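Please treat every number below as a calculation from the coordinates, not as lab data. Keep in mind that what you see is a predicted model, and the values were worked out from it rather than measured. Cβ atoms come from the backbone with ideal geometry, glycine included; neighbour counts cover every protein chain shown.
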Amino acid sequence: MAARSAARKSEVRSQKSEVGNPSRNPHSAIRSPQLLDRVIHERLRLGIVSALAVNERLTFNDLKRLLQTTDGNLSVHARKLEDAQYIACDKTFEGRMPRTEYRLTAAGRRALEKYVAHMEAILKAVRE
Amino acid sequence: MPARPEPIDAHAADNIRFIRDAMTRASAFTAIPGWGGVVMGATAIAAAAISGPPDNSLRWVMVWFGEAVVAAAIALATMTRKARRSGAPLSTAAPAYRFALAYVPPLVAGMILTPVFATLDLMARLPGCWLLLYGTALASGGTFSVRIVPLMGVSFMALGTVAFAAPAPWGHYFLAAGFGGLHIVFGLIIARNYGG
């Protein structure tokens, strides 16, 4: 179990390490697609981070409804974002019902801003 | 036949569109004005003091019509100010549009029912009707806003229901408790927890 968790975190680290800053040189965004942050490049993870960027907190069910996905799919992708420390998860009880809430961390917000800058840099470079 | 590769800029534009859509869908309408609600509550209490109990007179209806116009002006001004301060002007915010679509129809129903109640000599029952329909507007519009707004709507609906069952001369007390008291209480909570 611990080994699996460590392996998952190491995988996330390797995906995060590919992140650069393409906004300084728009052409690098096209020439070096490996600079892309693969942790949030995946559609569902990008949706989770985007939704949390405009809400202080969202519950698991809020996210499931917004992103129209399944419990299993959302759990897997939310866990990847947690491992990358892009989102934080708080588990509480509401009466007898468990309640899972997510919020975006400072690192997650920076990653989203960098990702948007990367996409804008690509568009700018193609136009030039 | 193999699929044609997608141009990289089309993919980037699609990703940016996806982020914007996800943010729009996820954002609640948070420009409900707390302090505006407190001021609206104060003017409603003043209107209740001026109007007195419902008495089937045109004067009584005109006092509350005037109060509705004043309250709408306060709400619009404070909502616009709050939305602008949060960086999401009302004119461009999709959540504001969705909120309005759900909020307005019960209010239109109230405007239609008011002359109907008046012509049927049921003016004394207008407080229940107004509170119930205003509560419905808040409860339905509130599904696109922060959680406290639908709760406020349900409180207005409950008060309106009680007003229907209570003696007709108590109508102005119910209006003062609803448009006055509930606006002030929920306005303070919204101002404290949701940015003014």
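Overall dimensions of region B:32-193, expressed as equivalent-ellipsoid semi-axes from the Cα gyration tensor (√(5λ), whole Å, largest first), are 27, 16, 14. Cross-link reach is defined here as a Cα-Cα straight distance under 15 Å, omitting same-chain residues fewer than 8 places apart; for residue A:80 the aspartates and glutamates meeting it are A:11, A:37, A:42, A:71. Per-residue mean of foreign Cβ neighbours for B:12-23 is 6 (Cβ atoms of other chains, 10 Å radius). Counting neighbouring beta carbons within 10 Å and listing from fewest to most, the residues B:114, A:70, B:161 come out as A:70, B:161, B:114.
For chain B, the 222 nm mean residue ellipticity estimated from helices alone, with every DSSP H stretch of n ≥ 4 adding -39500 (n - 2.57) and the total spread over all residues, rounds to -24500 deg cm²/dmol. Structural descriptor for region B:32-193: relative contact order 37 percent, calculated from alpha carbon pairs under 8 angstrom and at least 6 residues apart.
Taking 17 Å as the cut-off, the amide N atoms of region A:37-78 that come nearer than this to a point 7 Å along the Cα-to-beta-carbon line of residue B:101 belong to A:66.
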